[in-house]
Amino acid sequence: MAEVKKTLKKIGRQTWELFKDSIPALFMYGCASAILLMLTLKGEKIVWDNTKLLWTIVCAVGALAYTALIMWACGGQHYEMLVSGNIKRTTAESYGMAYKISSHKEAKEYRDWKGFAIGGFMAVLPIVTAIIFGCNQDKIDGEMSGGTLAVVVLICFFLSGWSVLPFYCMNHAGIYANYFLSGLLGLLPVIVAGVFYIIGAYARRNKAVRQQEMADRAAAAEVNKEKKINYGALPGTKPKKRK
């Protein structure tokens, strides 16, 4: 029982760390959705044109680019945490004592799958929004006058408008689009987050390798450097220079 509790606690700690790493990107997707909401639903008549398509692409690409940036940094940080963890474990195996590193957290160590897991948190809102809109497509595309559904739709627009607003505008402009398909856009954050997380980790690893190689070359050059003899500035002890 104690082992089960320990395992569950470890899983909970891991899940919480992954969710925390996804929060900045979730905030950016919310900002992109709010901007897109103001740009696409202005005016009395909803139309779908090239301008709205362009703004949809700009907002989505901007949010995905931010995801790539923070996941690249996250991968590098997790790689450094993995190095610290390896030092602790190696020390414990070699000397039988734990080497304490205050900044180390095992839950933040690098693993290949973690980037995709963090992206999975970003995909939750687009998928949930797609299910809500898909199950209520007739009501949403029809005359929806207030009520709980209207509030839910508005919340979804603010949280995941970047994925569902294009489908909403197309449907109201007479171009049929199944809302369930908008859930496929949730795969984009998963792919971007997973790929750039790995790239960031390998970039940090390569940087560390280059720094170590430079340090080794500098040390080798120092060893091979001709040493100057200090004669103590005593008269007659310093050899005369040849002309």
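Some observations on this one:
- Test: residue in the stretch 146-156 that is touching a Ser or Thr at 6+ places or on another chain (Cβ under 8 Å) and modelled with pLDDT of 90 or more: yes
- Tyr202 vs. criteria within 30 Å of Gly85 (Cα to Cα), among the aromatic types (Phe, Trp, Tyr) and part of a helix (DSSP H, G or I): yes
- Members of the stretch 88-117 found to be more than 16 Å from the chain's Cα centre (by Cα) and basic (Lys, Arg), listed by number: Lys88, Arg89, Lys100, Lys105
- Looking only at residues in the stretch 137-177 that are of a type outside the set (A, V, I, L, M, F, W, C) and within 33 Å of the chain's Cα centre (by Cα), the one that is nearest to Leu36 (Cα to Cα) is Gly161.
- Scanning the stretch 88-123 for residues that are of a type in the set (A, V, I, L, M, F, W, C) and within 15 Å of Arg205 (Cβ to Cβ) gives no hits.
- In the stretch 94-153, the qualifying residues are those that are surrounded by fewer than 19 Cβ atoms within 10 Å (Cβ to Cβ) and acidic (Asp, Glu), and the one that is farthest from Glu17 (Cα to Cα) is Glu143.
- Output for the stretch 1-30, where each listed residue is over 23 Å from Met170 (Cβ atoms), surrounded by 14 or more Cβ atoms within 10 Å (Cβ to Cβ) and either among the small types (Gly, Ala, Ser) or without any contact (Cβ under 8 Å) to a residue 60 or more places away in the chain (or both): Ser22, Pro24, Ala25, Met28
- Where Gly120 falls short, out of the listed (1) under 22 Å from the mean Cα position of the chain (by Cα); (2) closer than 19 Å to Leu41 by Cβ: (2)
- Every residue from the stretch 113-161 that is under 16 Å from Cys31 (Cα atoms) and of a type in the set (Ser, Thr, Tyr): Ser160
Residue by residue, here is whether (1) small (Gly, Ala, Ser); (2) assigned to a helix (DSSP H, G or I); (3) modelled with pLDDT under 95 holds:
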{"site": "Met71", "(1), (2), (3)": "no, yes, no"}
{"site": "Leu82", "(1), (2), (3)": "no, yes, yes"}
{"site": "Ala92", "(1), (2), (3)": "yes, yes, yes"}
{"site": "Ala107", "(1), (2), (3)": "yes, yes, yes"}
{"site": "Phe116", "(1), (2), (3)": "no, yes, no"}
{"site": "Gly120", "(1), (2), (3)": "yes, yes, no"}
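- Any hit, the stretch 67-74, residues being buried (at least 17 other Cβ atoms within 10 Å of the Cβ), closer than 20 Å to Arg204 by Cβ and free of Cβ contacts under 8 Å to residues at least 24 places away in the same chain: no
- Scan of the stretch 1-40 for residues that are out of contact with any helix residue (DSSP H, G or I) (no Cβ under 9 Å at 6 or more places or on another chain), over 18 Å from Ala117 (Cβ atoms) and not charged (D, E, K, R), ordered by number: Met1, Ala2, Val4, Phe27, Met38
The values are calculated or read from the model by the stated rules, or taken from the named source; none is laboratory data. These numbers were taken from a predicted model, which means no experiment stands behind them. Please note: Cβ atoms are built from the backbone with ideal geometry, for glycine as well, and neighbour counts cover all protein chains shown.
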